[in-house]
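Every read-out reported here was derived from the displayed coordinates using simple, explicitly stated rules and does not represent laboratory data. Please read all numbers here as calculations on a predicted model, not as lab measurements. Cβ sites come from the backbone with ideal geometry, for glycine too, and all protein chains shown count toward neighbours.
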Amino acid sequence: DLKKIALHARNAEYNPKRFAAVIMRIREPRTTALIFSSGKMVCTGAKSEEDSRLAARKYARIIQKLGFT
């Protein structure tokens, strides 16, 4: 549920009228993720592919801690 993610996660915003995904940001590595209701995630802004993978793992961990599997 995107609303739950947006309400409980830090640095997350969800405005379904503007864009149909949760926009979440982390500081290190400095990236932004778009999380869609289908479960797919787009991780953008990383300097390298390795940083992108690390960031994607961090986003997945944040979502897991909210109770999603």
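For the residue pair Phe68 and Lys3, what label-to-label distance in nm results when each label sits 7 Å from Cα along the Cα-to-beta-carbon direction?
Taking the two extended label points, one gets 1.5 nm.
With each run of n ≥ 4 DSSP H residues scored as -39500 (n - 2.57), what mean residue ellipticity at 222 nm is computed for the chain after dividing by its residue count and rounding to the nearest 500 deg cm²/dmol?
Numbers: 2 runs with 24 residues, N = 69.
That calculation yields -11000 deg cm²/dmol at 222 nm.
Say R0 is 22 Å: what FRET efficiency, to the nearest 0.05, do Ser38 and Lys17 get from their beta-carbon distance? Intermediate values should be presented prior to the final figure.
Working: r = 19 Å, r/R0 = 0.86.
E(calc), rounded to 0.05, equals 0.70.
Can you run phi through the Karplus equation (6.51, -1.76, 1.60; θ = phi - 60°) for region 33-44 and list ³J(HN,Hα) in whole Hz, with x for Gly and Pro?
10, 10, 10, 9, 5, 6, x, 7, 9, 10, 10, 9
Strictly greater than 13 Å: what percent of every Cα pair in region 2-65 meets that?
Details: 1166 of 2016 pairs.
Distances greater than 13 Å cover 58 percent of the Cα pairs.
Note the angle between two axes, namely the Cα long axis of helix 49-65 and the longest principal axis of the Cα atoms of the chain, as a number of degrees from 0 to 90, rounded to the nearest 10.
Value to nearest ten degrees: 30.
Using unit Cβ charges (K, R positive; D, E negative) and no other charged atoms, how large, in debye to the nearest 20, is the dipole of the chain about its Cα centre? Could the numbers behind the result be given before it?
On the way: 15 positive and 6 negative charges, 38 e Å.
Dipole magnitude for the chain comes out near 180 debye.
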